[in-house]
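> To start, I am sharing the structure in question, which I have written as structure tokens.
The values are calculated or read from the model by the stated rules, or taken from the named source; none is laboratory data. Please read all numbers here as calculations on a predicted model, not as lab measurements. Methodologically, a virtual Cβ is constructed for each residue, glycine included, from the backbone with ideal geometry; neighbour enumeration extends over all protein chains shown.
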Amino acid sequence: REEYPTYHEIVYHFKGVESEAYAICRFLRARKFKLEATQTLIKERVDSYKEGKSNDFFPSALQAFNGDHESAFLTQYPFVMGGTARNGCVVTYFSVEQLSVEGMQCICEVKKRLSKYMWHFISYKLKRHVAEAKAN
């Protein structure tokens, strides 16, 4: 398959900070261990991944938001890293009840910016947090 290398890169994006088994499990768990649904999930991320990769996964949140500030966005999109669980897994919190789509739309072009921000978050903040948790 032409996309296979990209699929591999998506699944192993945390290479160096998580094991192969954990990487595969993370994707399978996201779709309740249904292989076809997992393959669809990854396939849906290919274009977004390629864009992120071509921009070094947006090292700056300002770059991901085209100059808008992350703190303003997070007032409308309540997604934060909460720390590390006893088993070493990263704990994140997302409060759907406090999500404000209208507020997000006022701050940025959601469809264009959210995926860029998520690549920034995953590639820089979350990956670093996982590495630090493993080191401790």
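> Does the range 106-126 contain at least one residue that is of a type outside the set (D, E, K, R), part of a loop (DSSP other than H, G, I, E, B) and touching a Ser or Thr at 6+ places or on another chain (Cβ under 7 Å)?
no
> Okay, next question. In the range 114-135, which residue that is surrounded by 18 or more Cβ atoms within 10 Å (Cβ to Cβ) and among the aliphatic types (A, V, I, L, M) is nearest to Ala72 (Cα to Cα)?
Applying the filter and picking the extreme gives Met118.
> Sticking with this structure for a sec: Sort out which residues of the range 1-20 are in a helix (DSSP H, G or I) and either surrounded by fewer than 15 Cβ atoms within 10 Å (Cβ to Cβ) or of a type outside the set (Val, Ile, Thr) (or both), and write them in order of number.
Residues satisfying the conditions are Tyr4, Pro5, Tyr7, His8, Glu9, Glu20.
> Among the residues of the range 61-78, is any surrounded by 12 or more Cβ atoms within 10 Å (Cβ to Cβ), in contact with a strand residue (DSSP E or B) (Cβ under 9 Å, 6 or more places away or on another chain), assigned to a loop (DSSP other than H, G, I, E, B) and in contact (Cβ under 8 Å) with a residue 24 or more places away in the chain?
Within the range 61-78, one or more residues are surrounded by 12 or more Cβ atoms within 10 Å (Cβ to Cβ), in contact with a strand residue (DSSP E or B) (Cβ under 9 Å, 6 or more places away or on another chain), assigned to a loop (DSSP other than H, G, I, E, B) and in contact (Cβ under 8 Å) with a residue 24 or more places away in the chain.
> Scan the range 21-50 residue by residue and report those that are surrounded by 14 or more Cβ atoms within 10 Å (Cβ to Cβ) and either assigned by TED's automatic domain parsing to the domain that holds Lys116 or not in a helix (DSSP H, G or I) (or both).
Arg31, the sole residue that qualifies.
> Here's another thing I want to ask about it. Kindly indicate which of Met81, Met104 is closer than 17 Å to Arg128 by Cβ, surrounded by 11 or more Cβ atoms within 10 Å (Cβ to Cβ), among the aliphatic types (A, V, I, L, M) and in contact (Cβ under 8 Å) with a residue 12 or more places away in the chain.
Met81
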